[in-house]
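Inspection log for the structure reproduced underneath, given as C-alpha cells.
The values are calculated or read from the model by the stated rules, or taken from the named source; none is laboratory data. Quantities reported herein were computed from a predicted structural model and do not represent experimental measurements. Glycine also receives a Cβ, built like all others from the backbone with ideal geometry; neighbour counts cover every protein chain displayed.
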Amino acid sequence: MDWELAIERHRDALLRILAALLVMAGGSAVDVLPRHLRTAVWRVLRPAEAALRRLLVVVKERMAIAPPCPRAVRPVSTGIARGDGERVPVFALFDARKSFKPRSSWRGPKPQPRIRFFDDVEIFEPVVIAAPDDMVSAVSLCRRLQALQRALADLPKQARRMARWEAKRALVRKETGKYIRPMRPGKPPGHRDHKSHPVDFVLSDCHALALYLLAPPDT
C-alpha cells in the first residue's frame, strides 16, 4: 500500500469537509449561530475530528517517532479546544472516554408549567421550549474548527505531539495504573452505521488504516 498517497488523499478529503463547514458556519470567528445550523455543523465536525485523530495515528506509526523522554508529570487532560478565545485553540489528540452511567429518563422540559406554592400564592413558571431558529453561542464550535484547521496544516507536527502525549500517559500509567490511548475501544466518536455524509466514509477508512498499523494481520 502507498501510505503516503493514502495519507494525502484523506487529508485532502478532510480539508474539503472543513471548507464546507466553514462556509456553513460563516467563518471561524462567529459568536452566535441558529441552533439548527450549529447542530448541523456539530454532526459533521465530530466525526471529522475522530478521522483526523486516526490519520495522525497513521502518520505517527509511519514516521516511527521514538517516544521522547517525558517531562514532569502534569494532570492529564483531553486537550479539547475550550476556553474564552484568548488562547490558541489546540486540537484534541485523544478520543473522549465513553460514559457508562445510566441515562436519565428525563429528556427535557415538560410541556406543562411547573407550579410552586408560597403562602397560598400560586407561581407559574412558563417553560421555554428551544426553537430551531434560536440564536445560540458558537464560540466553542468555532474554536474547534480553528483547531482542526491548524492540525490539518501540519500533520507531522501533530504526530510528534501525539507521541509526546503518549509518552506522558505511559508514565502516568506506571504511577496510577491508568492509561488512555488516542483511539478509544470500539466504534469511533461520530460513527454512523448508515453513512449519509462524505465524512462518514473518511472516518471509516482512517479508522481501518489506523487499526491495520496498530495490529497488522498475520500473513
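Output the number of the condition that PHE201 fails; it satisfies all remaining conditions of (1) of a type in the set (A, V, I, L, M, F, W, C); (2) over 19 Å from GLU8 (Cα atoms); (3) without any contact (Cβ under 8 Å) to a residue 40 or more places away in the chain.
Every listed condition holds for PHE201 apart from (2).
Being surrounded by 11 or more Cβ atoms within 10 Å (Cβ to Cβ), outside any helix (DSSP H, G or I) and modelled with pLDDT of 90 or more is the requirement here; does ALA92 meet it? Don't jump to the end; show me each part of the working.
On the way: surrounded by 11 or more Cβ atoms within 10 Å (Cβ to Cβ): yes; outside any helix (DSSP H, G or I): yes; modelled with pLDDT of 90 or more: yes.
Spelling it out, ALA92 is indeed surrounded by 11 or more Cβ atoms within 10 Å (Cβ to Cβ), outside any helix (DSSP H, G or I) and modelled with pLDDT of 90 or more.
Could you check the range 128-166 and list, in sequence order, the residues that are hydrophobic (A, V, I, L, M, F, W, C), touching a helix residue (DSSP H, G or I) at 6+ places or on another chain (Cβ under 8 Å) and in a helix (DSSP H, G or I)? If you could, list the steps in order and put the result at the bottom.
Applying the first criterion (hydrophobic (A, V, I, L, M, F, W, C)) to the range 128-166 yields 128-131, 135-136, 138-139, 141-142, 145, 147-148, 151-153, 155, 159, 162-163, 165.
When the remaining residues are screened for being touching a helix residue (DSSP H, G or I) at 6+ places or on another chain (Cβ under 8 Å), the result is 130-131, 135-136, 138, 141-142, 145, 148, 151-152, 155, 159, 162-163.
Result: LEU141, CYS142, LEU145, LEU148, ALA151, LEU152, LEU155, ALA159, MET162, ALA163.
Please count how many residues of the range 12-32 are without any contact (Cβ under 8 Å) to a residue 12 or more places away in the chain and β-branched (Val, Ile, Thr).
1
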